[in-house]
There are 2 protein chains.
Amino acid sequence: MIRIAVVGHLARTSGDFFLSDMPGGAGRMDILCRCINAAFFLSHGLRREIECYLVLCGPPSPPKIVRFSGASLRSLNPDERSAGALIKKALGLPVGSEFRESTPGVAVRRGGLPDLVAMFPFAVLDEGGRDIRASPRLPEGFLLSDHLDFSPEERAILGEREMLSVGPVTLHADHAIVVLLNEIDRRRAGWTS
Amino acid sequence: MIRIAVVGHLARTSGDFFLSDMPGGAGRMDILCRCINAAFFLSHGLRREIECYLVLCGPPSPPKIVRFSGASLRSLNPDERSAGALIKKALGLPVGSEFRESTPGVAVRRGGLPDLVAMFPFAVLDEGGRDIRASPRLPEGFLLSDHLDFSPEERAILGEREMLSVGPVTLHADHAIVVLLNEIDRRRAGWTS
């Protein structure tokens, strides 16, 4: 099981946004939709061993966490609108502090970064981190930020976690996920370089 | 200069499609939009040294080639709709066999794979190819297919070109572009693994 979490600093926490305005009114929800695509899609199917957690911190009722579970995920297509529609449905549910399933493989709960930290161990993907290719053993959990840097408060919550970098150039979160999974694919398949 | 070309086997060749229906009515134009995103976006800006060629082979007037040139590209945002809107504008122009600019950095012409082959040398990204990490010197041009395999006729046009693979698992075209550019970034920056 590989777990990937992405913090959406401005991402809307109700399902009243328009799929045609995800970069605007939905608080850069388009970025999170592309992260879902990057985390799950293979040419011929889905990565069933992935869980992807979106930590939504925007108005009107932050924070919430939407979890996509590859093992049971259905009705996901690669286009942004498809992931956006599943997030919209999840955000339409009334929620408490336990995950509640909105559609197969998608669940939502109240909670933010302090809750995520308690859920599973992870390294932080960050441009200042150690090269993933040079890491002898990759962890099974990863956290990324959206287009905004982690705030000082968030960095304090993250503490002294391992920092890993996917390359010499700073990438969008979804591209970083693609590079990370390629490195994991290669190690699993015994492709050495 | 790095040139990346993607064949869209069903991609619509007129600008009358809806941005909210790119996977359907536009013939999987969403795939090509994500390839544009993958080819150009860095966290803080665009890859100015990239040219990306979309070879559109769908109805009603195939084939056409839409070229995105990083050096002069403007008005491109990372979401699929943004690239889709620029492709729509390009396909609204009457065209002949020379590139004609539709918006800054975007141009369109009549033409298909035989024309592309004459424009610049390239390797083919293909799951059966040689690992890019094992290639001592990467070329400066690359061709990929969308969700459909190259047809026998297309393979005949491509001939005995170098075939390169980005990893042990078959990826979507846009993900393959991300992995490819990461390898190029690493070589340029002297990151060895």
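The values are calculated or read from the model by the stated rules, or taken from the named source; none is laboratory data. Keep in mind the model is a prediction, meaning the values are calculated, not measured. Counting neighbours? That spans all protein chains shown, and the Cβs are built from the backbone with ideal geometry, glycine included.
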On the given criteria, is A:Met1 surrounded by fewer than 20 Cβ atoms within 10 Å (Cβ to Cβ), under 25 Å from A:Val124 (Cβ atoms) and hydrophobic (A, V, I, L, M, F, W, C)? yes
Would you check if B:Val95 is touching a helix residue (DSSP H, G or I) at 6+ places or on another chain (Cβ under 6 Å), hydrophobic (A, V, I, L, M, F, W, C) and not in a helix (DSSP H, G or I)? no
Among the residues in the range B:121-137, are any out of contact with any strand residue (DSSP E or B) (no Cβ under 9 Å at 6 or more places or on another chain) and within 24 Å of B:Phe68 (Cα to Cα)? no
Where A:Lys89 falls short, out of the listed (1) outside any helix (DSSP H, G or I); (2) more than 14 Å from chain B (Cβ to nearest Cβ): (1)
Taking only the range B:94-109 into account, find how many residues are of a type outside the set (Val, Ile, Thr) and either crowded, with 16+ Cβ neighbours inside 10 Å or at pLDDT below 95 (or both). 5
Could you tell me which of the residues B:Leu125, B:Leu148, B:Leu144, B:Leu76 is crowded, with 21+ Cβ neighbours inside 10 Å, within 14 Å of chain A (Cβ to nearest Cβ) and part of a loop (DSSP other than H, G, I, E, B)? B:Leu76
Could you identify the single residue in B:Ile157, B:Ile132 that is under 19 Å from B:Ala11 (Cβ atoms), at pLDDT 95 or above and aliphatic (A, V, I, L, M)? B:Ile157
Could you list, in sequence order, all residues of the range B:11-54 that are in a loop (DSSP other than H, G, I, E, B), closer than 17 Å to B:Val108 by Cα and either at the interface with chain A (Cβ under 10 Å from one of its Cβ atoms) or not small (Gly, Ala, Ser) (or both)? B:Arg12, B:Thr13, B:Asp16, B:Phe17
Mind counting the residues in the range A:179-192 that are without any contact (Cβ under 8 Å) to a residue 12 or more places away in the chain and either within 7 Å of chain B (Cβ to nearest Cβ) or of a type in the set (A, V, I, L, M) (or both)? 5
Report whether or not A:Arg161 is assigned to a loop (DSSP other than H, G, I, E, B) and either more than 7 Å from chain B (Cβ to nearest Cβ) or touching a His at 6+ places or on another chain (Cβ under 8 Å) (or both). yes
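Every residue, every condition in (1) surrounded by fewer than 21 Cβ atoms within 10 Å (Cβ to Cβ); (2) more than 20 Å from A:Pro78 (Cβ to Cβ); (3) at the interface with chain A (Cβ under 10 Å from one of its Cβ atoms); (4) in contact with a Leu (Cβ under 6 Å, 6 or more places away or on another chain), yes or no:
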| position | (1), (2), (3), (4) |
| --- | --- |
| B:Ala134 | yes, yes, yes, no |
| B:Ile157 | yes, yes, no, yes |
| B:Asp174 | no, no, yes, no |
| B:Ile177 | no, no, yes, no |
Take the residues in the range B:14-46 that are buried (at least 20 other Cβ atoms within 10 Å of the Cβ) and charged (D, E, K, R); name whichever of them is nearest to B:Leu76 (Cα to Cα). B:Arg34
